[in-house]
Amino acid sequence: MRLVIAVVQDKDSYRLSEKLVKHGFRATKLASTGGFLKAGNTTFLIGVEHDKVDDVLALIKESCHTREQTMTPMQPMGNNVDAFVPYPVSVQVGGATVFVIDVEQFAHF
Amino acid sequence: MRLVIAVVQDKDSYRLSEKLVKHGFRATKLASTGGFLKAGNTTFLIGVEHDKVDDVLALIKESCHTREQTMTPMQPMGNNVDAFVPYPVSVQVGGATVFVIDVEQFAHF
Amino acid sequence: MRLVIAVVQDKDSYRLSEKLVKHGFRATKLASTGGFLKAGNTTFLIGVEHDKVDDVLALIKESCHTREQTMTPMQPMGNNVDAFVPYPVSVQVGGATVFVIDVEQFAHF
Ligand code: NI
Ligand code: NI
Ligand code: NI
């Protein structure tokens, strides 16, 4: 048994939850903050058999990898009047930090 | 040293806390959600010596094992008028998922 | 790779965060309660290379070790009128409980 501890952005948390359930993996979620991420994030605890670790990592990568996203800011970004003109900017979103830990003993009551 | 990570239903969280304190074990509690449990749950982190792991597992089992509970719903359960008549139903409550992890190094400052 | 799990008082949480960032360590923070601490505490998850574990432990010790602090209660401490006279008392604050766990596999997406 392994315990996968994955820290993901809140933005990707719902998508990851859905994929895990769909593939039959159980996860416990903890609200977390910090890392270099300014936004809130979610820490997933996922108990999984040794030979399924790669499957879980693939789902995490698929749901949460760092990517560029184009967004059009709706809010003025400064004091300059020009800043009120909305124009698309590219921002980096997502990203997951994952620790895989060995489990000595597992129990379910 | 071992770290026991136990995910238990909020319903059983207080009882487990009390038992742990009574038996001299220290626990840190984290609010968590998910698993197949719809309701909120609590993740306990319990640092414990190797030879006390079984004692902690026994306390968790005692406090949190899955069991049938008869409850009488106070709220109507549907649109049908019959549903307003309270009658006892049996629901499954409790259950704990427990990971025991080896601790390389322990420190207390 | 190691995972350092540190439970510290909320009081010391900000100072520890700052030191970790300043020294280039990333941490994820989880709100937690319990232990023998009455007050809220914060659980830090810090992923770190083997040879940096001692550095992280030193930062935790520096930021969070148990210490006496003199405080002057602003609130009456009992029914006795004398209790309204503010006088400095020494209280114990801080303290950290730290588990170092081996990480089988680490990934960042
Ligand atoms: Ni295993
Ligand atoms: Ni040990
Ligand atoms: Ni390692």
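The values are calculated or read from the model by the stated rules, or taken from the named source; none is laboratory data. All figures in this text were calculated on a predicted structure; none of them were measured in a lab. Positions of Cβ are generated from backbone atoms using ideal geometry, with glycine treated the same way; all protein chains shown enter the neighbour counts. Areas reflect the complete protein model, heavy atoms only, side chains present, ligands, DNA and RNA absent. Shrake-Rupley method; radii C 1.70, N 1.55, O 1.52, S 1.80 Å.
Observations on the structure shown:
- One residue stands out in the range A:95-109 among those that are assigned to a loop (DSSP other than H, G, I, E, B) and at pLDDT 95 or above: the one that is nearest to A:D12 (Cα to Cα), namely A:V103.
- Of the strands (runs of 3 or more DSSP E) lying entirely inside the range C:1-59, the ones with 1 or more residues being at positive phi are found at C:27-34.
- All of (1) modelled with pLDDT of 75 or more; (2) of a type outside the set (A, V, I, L, M); (3) out of contact with any helix residue (DSSP H, G or I) (no Cβ under 8 Å at 6 or more places or on another chain) hold for B:P73 with one exception: (1).
- For the range B:15-70, the set of residues classified as over 21 Å from C:A96 (Cα atoms), touching a Ser or Thr at 6+ places or on another chain (Cβ under 8 Å) and open to solvent by 20 Å² or more (accessible area, probe 1.4 Å) consists of B:R15, B:K19, B:T33, B:G35, B:G40, B:E68, B:Q69, B:T70, listed by residue number.
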